[in-house]
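**Student:** Could you have a look at this structure, given as structure tokens, before my questions?
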Amino acid sequence: SRRMVNVSTILIQNGDGKIWYLEQVIIDIMQAIEKNQDIILDLNYEGPCVESIGLYKLLDKICGSTGYNPSRITIKLSNLKESSNRYCINTQIADNWFSQARSYRLLDKNITKHFGHFIGHGNRFRLIIGSYLYKNYKFKTLQTYHCDPTNAYHREFIGLEDLLFYKYDFQHFENACELLKHTPLTFDTIDSYPIAENTIFDIYGAYQHIFVDIVCQAYYSGNCFQLDEKIWRPIAMKTPFIVQGPQNFIKNLREIGFKTFSQWWDEGYSEDPPDSQVIPILENINQLAKLTIEEIHVLYKQMQPVLDHNYNLLMSLSIDDFQNLKLIK
């Protein structure tokens, strides 16, 4: 008879800097150790820095107190920068997101809006950028912001408390409160939250009408680099992008071979820690907002070689090409 592999797979739901349902995670790990099982910690194709969510610290304590061998623990995630000398790391990008992006049907551009900003659940950076666009450039922006303060699922992700804790200008807080009065902002149909995987690409048609996508990555703390649907969408739809995310996200995109847009706006902010990125991003938004739609069309035409290159590279890549990348730490 075939020998059954004695492995326990534990799903860890997480956000930037946080593990959700931590008590249950600890119980599940301890039960697996008691049964002398190998452990796979599955982060559900998310890409946090394992150090920043406190998982290494937790595992070190558990292994230290129980004598469990750390090398029997595998952490499965999509942070392509993650590495460890104690625990086994299995990194892979989400194939379903990657495949769906490559199956897009390109639409002819009919740019009527300067900006696109498409948010499922919030955080402090998304709240600042989304509320700034809503207050200052509402009619130049095509925006979804699904955060509903009356919905229990969304309350964990509003970001108001974090915004105050990090001492941003009080104007950002006022802007955020004004935006939240009018959320959720939607033009796509969502049956329930969290947004199902088969619907996260339903807004692709919006890219026909926007010039630049303001991409806000879900993970930005610590040493991380995740490639997901938020960056695949603009690349697949030949749309320029400005990315708020982890330090050196833009440089690491270039390391893979993609081209970005430093010829047209400042991308130096991406080399800074996340808390230093927001103001330069807003300054880029202000500069682009000054342009007429006619000028935007001229700019878009200038960018066509970069957009074509990125699209063609996306279509030529395979999942295996993302293994063993030499990324900037």
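The values are calculated or read from the model by the stated rules, or taken from the named source; none is laboratory data. Remember, it's a predicted structure, so these values are computed and weren't measured experimentally. Positions of Cβ are backbone-derived with ideal geometry, glycine not excepted, and every protein chain shown enters the neighbour counts. SASA here: full protein model, heavy atoms, side chains in, ligands and nucleic acids out. Shrake-Rupley method; radii C 1.70, N 1.55, O 1.52, S 1.80 Å.
**Student:** Report the extension gain between Thr74 and Ala152 in nm, rounded to one decimal, defined as 0.36 nm multiplied by the number of residues separating them, less their alpha carbon distance. Mind showing how you got there, number by number?
**Tutor:** Numbers: separation 78, 0.36 × 78 = 28.08 nm, distance 3.21 nm.
Here the answer is 24.9 nm.
**Student:** Another question, then. Taking the chain as a Gaussian network, Cα atoms linked when under 10 Å apart, which of Leu58, Leu227, Leu77 shows the biggest mean-square fluctuation?
**Tutor:** Leu58
**Student:** So how do Glu161, Glu255, Glu294, Glu46 rank on accessible area, 1.4 Å probe, biggest first, that is with the largest at the start? Mind dumping the intermediate values first?
**Tutor:** On the way: Glu161 150, Glu255 105, Glu294 130, Glu46 50 Å².
If we order Glu161, Glu255, Glu294, Glu46 from most to least accessible, we get Glu161, Glu294, Glu255, Glu46.
**Student:** Identify the trypsin sites (Lys or Arg not before Pro) of the stretch 1-85 meeting these criteria: DSSP loop state and at most 14 other C-beta atoms within 10 Å of the C-beta. If you can, show how the numbers build up before the last one.
**Tutor:** Numbers: sites: Arg2, Arg3, Lys18, Lys35, Lys57, Lys61, Arg72, Lys76, Lys81; in loops: Arg2, Arg3, Lys35, Lys81.
Of the trypsin sites (Lys or Arg not before Pro), the ones in loops of the stretch 1-85 whose Cβ has at most 14 other Cβ atoms within 10 Å are Arg2, Arg3, Lys35.
**Student:** Ranked by accessible surface with a 1.4 Å probe, highest first, in what order do Ile128, Ile33 come? All intermediate terms of the calculation are to be shown ahead of the outcome.
**Tutor:** Values: Ile128 0, Ile33 25 Å².
Largest accessible area first, the list is Ile33, Ile128.
**Student:** Can you run phi through the Karplus equation (6.51, -1.76, 1.60; θ = phi - 60°) for the stretch 306-316 and list ³J(HN,Hα) in whole Hz, with x for Gly and Pro?
**Tutor:** 5, 5, 5, 4, 5, 4, 5, 5, 4, 6, 8
**Student:** Continuing with this model, one more query. For the chain, what relative contact order do you get, as a whole percent, if you take Cα pairs closer than 8 Å and at least 6 residues apart?
**Tutor:** On the way: 540 pairs, mean separation 58.1, N = 329.
Relative contact order for the chain comes out at 18 percent.
**Student:** Next question. At a Förster radius of 22 Å, what calculated FRET efficiency corresponds to the Cβ-Cβ distance of Glu161 and Ile26, to the nearest 0.05?
**Tutor:** 0.35
**Student:** Would you mind giving the three semi-axes, in whole Å and largest first, of the ellipsoid equivalent to the stretch 45-91 according to its Cα gyration tensor?
**Tutor:** On the way: eigenvalues 75, 26, 11 Å².
Ellipsoid half-lengths, sorted descending, are 19, 11, 7 Å.
**Student:** Taking a Cβ-Cβ separation under 4.7 Å as the criterion for a possible partner, which cysteines of the chain have none?
**Tutor:** Cys63, Cys88, Cys147, Cys177, Cys216
**Student:** What distance in nm lies between label points placed 7 Å from Cα along the C-beta direction at Lys326 and Glu283?
**Tutor:** In this crude label model, Lys326 to Glu283 measures out at 3.3 nm.
**Student:** Report the normalised scattering of the stretch 176-329 as log10 I(q)/I(0) at q = 0.20 Å⁻¹, calculated by the Debye formula with identical scatterers on the alpha carbons.
**Tutor:** -1.56
**Student:** Quick one: what do you get for the chain if you divide its Cα Rg by 2.2 N^0.38 Å? Present the calculation step by step, with values, prior to reporting the outcome.
**Tutor:** Numbers: Rg = 20.7 Å, N = 329, 2.2 N^0.38 = 19.9 Å.
Cα-based Rg divided by the globular estimate yields 1.04.
**Student:** State the volume of the convex hull built on the alpha-carbon positions of the stretch 1-87, expressed per residue in Å³ and rounded to an integer.
**Tutor:** Details: hull volume 9.1 nm³, N = 87.
So the per-residue hull volume is 105 Å³.
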